[in-house]
1. Out of the residues in the stretch 82-99 meeting the condition of being modelled with pLDDT of 95 or more and under 28 Å from the mean Cα position of the chain (by Cα), tell me which one is surrounded by the most Cβ atoms within 10 Å (Cβ to Cβ).
2. Is it the case that some residue within the stretch 184-198 is touching a Phe, Trp or Tyr at 6+ places or on another chain (Cβ under 8 Å), surrounded by fewer than 18 Cβ atoms within 10 Å (Cβ to Cβ), over 30 Å from LEU501 (Cα atoms) and among the hydrophobic types (A, V, I, L, M, F, W, C)?
3. So, of the residues in the stretch 424-461 that are of a type in the set (Phe, Trp, Tyr) and open to solvent by 30 Å² or more (accessible area, probe 1.4 Å), which turns out to be modelled with the highest pLDDT?
4. Are there any pairs, at least 6 apart or on different chains, whose C-beta atoms fall under 7 Å, with the first in the stretch 27-50 and in contact (Cβ under 8 Å) with a residue 40 or more places away in the chain and assigned to a loop (DSSP other than H, G, I, E, B) and the second among the aromatic types (Phe, Trp, Tyr) and open to solvent by less than 70 Å² (accessible area, probe 1.4 Å), and if so, which?
5. Does SER205 satisfy being surrounded by 15 or more Cβ atoms within 10 Å (Cβ to Cβ) and either within 24 Å of the chain's Cα centre (by Cα) or on the phi > 0 side of the Ramachandran plot (or both)?
6. Which one is nearest to MET483 (Cα to Cα), of the residues in the stretch 140-156 that are among the aromatic types (Phe, Trp, Tyr) and assigned to a strand (DSSP E or B)?
7. Suppose the filter is farther than 22 Å from LEU526 by Cβ, of a type in the set (Lys, Arg), open to solvent by 50 Å² or more (accessible area, probe 1.4 Å) and at pLDDT 90 or above; does LYS284 pass it?
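The values are calculated or read from the model by the stated rules, or taken from the named source; none is laboratory data. Just so you know, these numbers come straight off a predicted model, no measurement behind them. No Cβ is skipped: glycine too gets one built from the backbone with ideal geometry, and neighbour counts run over all protein chains shown. Just so you know, the surface numbers come from the protein's heavy atoms only, side chains and all, with ligands and any DNA or RNA stripped out. Shrake-Rupley method; radii C 1.70, N 1.55, O 1.52, S 1.80 Å.
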Amino acid sequence: MCGIGGLLRLDQGIKDEHIRLIEQLKHRGPDGNNFYLDEEQNIALVHSRLSIIDLKGGLQPMSNTSKRKWITYNGELYNFQSIKEELKRDGYAFSTSSDTEVILAAYEKWGKDCVCKFRGMFAFCILDYDKRELFLARDHFGIKPLYYYLDNKVFAFSSELYGLTDIGLHLSYNFRAIDSYLGLQYIPGTETAYSETKKIGPAQSLSISFDLKNIREETYWEFNYSQSLTLSKDEWMERVEAALEDSVQAHLVSDVPYGAFLSGGIDSTLIATYMTKVLRRPIKTFTIGFEDNDYSETKYALQVAKQLGTEHYCEIIKPDALEILPSLVKHYGEPFGDSSAIPTYYVSKLAREHVPMVLSGDGSDEAFLGYQTYPKWNSFNQYQNVSNFKRPFHPFLSMILPVRYPPRNSYQGWIEINRYMPYSLRRELWKGDLQKYAVWNNPEFDSLFARMNDQGIVRQAQYADLKTYLPNDILTKVDRASMMHGLEVRTPFVDMEIWKLISGMPVDINLDVRNGSGKKILKNLLRKLYPEDFVSRPKQGFSIPLTDWLSIPKMKQRMQSLHDSNSGLLDFFNRSAIKKVVEGKNGKYSWLLLILDEWLKLCKEKRK
């Protein structure tokens with residue numbers, strides 16, 4: 001895993017901007033830093049390397065033999081050996097064992113369509129002198145990040161948004177995106193917290209000419225549901241088990257030691273189990289827990305570790321863990337409110353003390369309908385479909401929705417179930433004219449639900465999560481928290497072959513409407529090896545005891561500062577509304593404001 005970046009300037013020569021960009025990316029690649037600078041064209045590519053494959057070769061930026069094409073690349077291709085053999089048959093020769101050289105050769109042979117052949121996680125930029133353009137691409141699911149800045153004189157890109165804030169670019173706040181953050185705890189789509197910067201989306205590429213006049217954005221792959229396969233329960237079990245084992249094996253391509261995150265939940269337990277089966281030897285596993293047993297699954301992780309015979313490491317984190325918040329906010333580059341970034345940071349730190357690469361169970365909930373929102377959404381729509389639905393209140397619905405119900409099967413209903421800070425409170429927060437940025441819904445969800453309108457309500461919701469929550473929350477969280485320590489995290493559930501199988505999987509294979517839970521097929525796989533009380537316990541997630549931690553004296557003082565005269569929040573929000581949030585009972589709302597305040601402080605420091 002690595003950090004990549006680059007610049008193309010028309011206004012002036014590149015001075016030290018590429019060096020400053022490398023400095024901001026060093027944590028992602030502790031094994032070496034390098035750059036390619038073309039002073040005539042005013043183009044620079046930079047790279048910071050974490051060596052996983054071909055430790056001695058594979059240095060970047062890398063060129064082809066003619067020096068007409070250069071690449072800076074972040075990621076791992078799990079099928080690069082098969083692509084390499086195909087290219088060899090066509091006469092291509094290779095001087096390294098790295099997947100970087102394979103990507104460059106694949107681009108030479110297939111052009112921009114090369115991305116359609118890749119299985120893995122990647123973000124890269126290819127400098128093509130023959131076409132006089134830069135070609136950037138991001139993997140199918142958005143596992144690896146890629147941000148860019150563009151005006152009429154400068155194009156710049158980076159693995160992390162923060163890297164673009166230190167090279168003299170003009171940046172202004174994107175209030176619409178900030179309101180989305182308050183509503184969802186992350187910023188969806190390709191927008192960022194700055195108006196001048198964007199993300200390249202999952203399965204998207206960007207081509208830009210040297211003169212910055214020709215810009216082309218393309219989507220090279222789209223997930224589609226196929227006709228549901230008619231298989232027996234046992235046949236589905238066999239297919240899922242084979243696909244998971246294959247994916248785990250593919251994700252173990254490495255020239256360095258590795259281990260696994262092990263929370264003790266279904267997802268990480270399956271990954272650790274299949275790793276042990278594939279490798280036929282014990283592995284290293286890593287767990288983070290809390291003093292509050294209601295939030296800690298360490299005893300279940302230990303149970304799995306003993307059964308698999310792993311070399312197990314576990315640490316308990318305490319409220320002082322929040323001291324890393326300013327550093328964490330810096331590396332996310334924009335407001336990011338998922339508090340599970342805290343334990344992800346610490347489990348990554350623990351793992352990096354022993355290995356440079358781990359596998360994790362992230363992405364399982366999206367693939368196998370594990371979130372509690374899926375059965376809630378299903379139940380809500382079933383009830384809404386009853387012809388005599390007239391009353392604005394129902395005991396079950398009152399637990400999951402406000403009294404005001406959106407239309408059946410609408411994306412507005414999905415937003416209501418998933419939202420964090422409600423529209424009414426966000427509108428109350430914004431000052432004066434800024435209230436226009438508070439919107440009840442997000443148009444992106446509208447288009448996603450419309451695209452899957454014929455697939456049923458649960459598949460619509462799953463598709464929306466695949467395109468928004470997975471890349472912009474889950475995968476973003478893991479990438480930043482792990483790369484702060486130079487740790488590569490691989491996600492076997494987020495894999496092309498897994499999702500090909502899911503495309504034809506009926507909803508009822510995973511969703512148990514009787515007890516309101518998902519991942520039915522994964523639980524059945526676990527039952528082969530683990531007792532029923534381990535498998536059937538309620539889903540816990542990877543959250544922290546947020547309300548308790550915000551109640552300790554040091555944090556209470558910090559929360560009070562959110563509405564004092566020095567708070568950056570007061571530039572945009574009403575003091576009375578901030579105070580209402582801070583003194584309220586919902587710690588999640590306060591947390592969102594705390595993160596935003598930390599980010600605004602960081603922005604002000606940059607402008608000094």
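1. Selected residue: ILE83.
2. no
3. We begin by selecting, within the stretch 424-461, every residue of a type in the set (Phe, Trp, Tyr); these are 430, 437, 440, 445, 449.
Now drop any that are not open to solvent by 30 Å² or more (accessible area, probe 1.4 Å), which leaves 437, 440.
On the way: TYR437: 95, TRP440: 79.
Among those that are of a type in the set (Phe, Trp, Tyr) and open to solvent by 30 Å² or more (accessible area, probe 1.4 Å), it is TYR437.
4. Going by the 7 Å Cβ cut-off, the qualifying pairs are GLN41/PHE210.
5. Values: surrounded by 15 or more Cβ atoms within 10 Å (Cβ to Cβ): yes; either within 24 Å of the chain's Cα centre (by Cα) or on the phi > 0 side of the Ramachandran plot (or both): yes.
Yes.
6. Of the stretch 140-156, the ones among the aromatic types (Phe, Trp, Tyr) are 141, 147-149, 155.
Imposing the further condition that a residue be assigned to a strand (DSSP E or B) reduces the set to 147-149, 155.
Values: TYR147: 16, TYR148: 19, TYR149: 22, PHE155: 25 Å.
Top of the filtered list is TYR147.
7. Details: farther than 22 Å from LEU526 by Cβ: no; of a type in the set (Lys, Arg): yes; open to solvent by 50 Å² or more (accessible area, probe 1.4 Å): yes; at pLDDT 90 or above: yes.
No.
Residue-wise test of (1) in a helix (DSSP H, G or I); (2) modelled with pLDDT of 95 or more; (3) of a type in the set (A, V, I, L, M, F, W, C); (4) over 30 Å from ASP99 (Cα atoms).
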{"position": "GLY201", "(1), (2), (3), (4)": "no, yes, no, no"}
{"position": "LEU229", "(1), (2), (3), (4)": "no, no, yes, yes"}
{"position": "GLU235", "(1), (2), (3), (4)": "yes, yes, no, yes"}
{"position": "VAL240", "(1), (2), (3), (4)": "yes, yes, yes, no"}
{"position": "ALA243", "(1), (2), (3), (4)": "yes, yes, yes, no"}
{"position": "ASP246", "(1), (2), (3), (4)": "yes, yes, no, no"}
{"position": "LEU252", "(1), (2), (3), (4)": "no, no, yes, no"}
{"position": "VAL256", "(1), (2), (3), (4)": "no, no, yes, no"}
{"position": "THR269", "(1), (2), (3), (4)": "yes, yes, no, no"}
